[in-house]
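K.L.:
First, the structure itself, so that you have it in front of you.
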Amino acid sequence: VAMLGDSCLKCGLYQGCKSPYMSGHGSANPDIVFIGEAAGAAEDDQGQPFVGPSGKFLKESIQSVGISLDNVRFTNAVRCRPLDNKTPTNTQIKCCAPYLVDELTAHTPKVVVLLGNTPLKSVLGLNGISAYQGTGCIERDGIKYVAAYHPAYVLRQNNSTTQQDWVRSFGDILT
């Protein structure tokens, strides 16, 4: 693994992945970066974030509010797929945090969308995505952060109100 570092060795998730240390994908100079939790099965197979059903739903939702995919980047708070798609542990989140910081520093987005509790915890040190979903922007160091449910959660809810509220939260990106 080319990028394997001390953090990766401490975490150990890379051992069960087809695509360990998965980097982000999309624009090299994005206005917006969407950060998910970790790779799922489709992502691990293809070596790219947000290529499975959640990614398809996310991309359709982004486009539905008038955001071009040409101006966005997709990445994850945790670089490797957790076994059995389990929620990453605090240790795993902390081990990957420096890589996420490096990616955000390299790509300097204007807006960062935190999709779920794991990126909310990793980037802002906050917990409880339900308290932040749809509440507008949190601004820190000149960057706007928007908290939203992870698309997998929205799909599991199979509820049109949840889906509409979720898509509406992307409107905060444009303001």
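K.L.:
With all pairs of different alpha carbon atoms counted, what Kirkwood hydrodynamic radius in Å does segment 90-175 show?
P.N.:
Numbers: mean 1/r = 0.0741 Å⁻¹.
With all distinct Cα pairs of segment 90-175 included, I get 13.5 Å.
K.L.:
Suppose only helical runs count, i.e. DSSP H with n ≥ 4. What mean residue ellipticity at 222 nm does that imply for the chain under -39500 (n - 2.57) per run, divided by all residues and rounded to the nearest 500 deg cm²/dmol?
P.N.:
Details: 8 runs with 67 residues, N = 175.
For the chain, the value works out to -10500 deg cm²/dmol.
K.L.:
Note the angle between two axes, namely the Cα long axis of helix 160-169 and the longest principal axis of the Cα atoms of the chain, as a number of degrees from 0 to 90, rounded to the nearest 10.
P.N.:
Helix 160-169 sits at roughly 80 degrees to that axis.
K.L.:
With the cut-off at 21 Å, tell me which of the pairs Lys94/Lys121; Lys59/Lys110; Lys86/Lys121; Lys18/Lys86; Lys10/Lys110 have Cα atoms farther apart than that.
P.N.:
Going by Cα-Cα distance, Lys10/Lys110 fall outside the 21 Å limit.
K.L.:
Then there's this: Over the chain, what is the mean sequence separation of C-alpha contacts under 8 Å (at least six apart), divided by residue count, expressed as relative contact order in percent? Spell out each step's value before the answer.
P.N.:
Values: 315 pairs, mean separation 42.2, N = 175.
Relative contact order here is 24 percent.
K.L.:
Now for a separate question. For segment 55-127, compute Rh as the Kirkwood radius over C-alpha pairs and then the Stokes-Einstein diffusion coefficient at 10 °C and 1.306 mPa s; write the answer in µm²/s, rounded to an integer.
P.N.:
Details: Rh = 13.5 Å.
It comes out at roughly 118 µm²/s.
K.L.:
Okay, moving on. Using Cα atoms only, what is the angle between the long axis of helix 90-107 and the major principal axis of the chain, expressed in degrees (0 to 90) to the nearest 10?
P.N.:
Orientation of helix 90-107: about 70 degrees from the principal axis.
K.L.:
While we're looking at this one, here's another question. Measure nothing but the geometry: give the 0 to 90° angle between the long axis through the Cα atoms of 53-64 and the longest principal axis through the Cα atoms of the chain, rounded to 10°.
P.N.:
Once rounded, one gets 30 degrees.
K.L.:
Find out how many positive minus negative residues lie around Asn71, taking Lys and Arg as positive, Asp and Glu as negative, among other residues whose Cβ is under 15 Å from that of Asn71.
P.N.:
Working: positive: Lys59, Arg73, Lys110, Lys144; negative: Asp31, Asp70.
Value of the local net charge: +2.
K.L.:
A further question on this structure: Can you give the net charge of the other residues whose Cβ lies under 13 Å from the Cβ of Cys96, counting K and R as +1 and D and E as -1?
P.N.:
Surrounding charge for Cys96 is +1.
K.L.:
Can you tell me the order of 113-125, 52-64 when each peptide is scored by its average per-residue count of other Cβ atoms within 10 angstrom, highest first? Kindly include the intermediate steps, with their values, before the conclusion.
P.N.:
On the way: 113-125: 23.0, 52-64: 17.5.
Ranked by mean Cβ neighbours within 10 Å, highest first: 113-125, 52-64.
K.L.:
Let's test this: bin the Cα-Cα distances of segment 1-119 at 10 Å from zero up to the farthest pair and state each bin's percent.
P.N.:
Percent of pairs per bin, in order: 14, 49, 31, 5, 0.
Bear in mind that the values in this text are calculations on the coordinates, not laboratory data. Keep in mind it's a predicted model, so treat the numbers as computed, not measured. In this analysis, Cβ positions are derived from the backbone assuming ideal geometry, glycine residues included, and neighbour counts consider all displayed protein chains.
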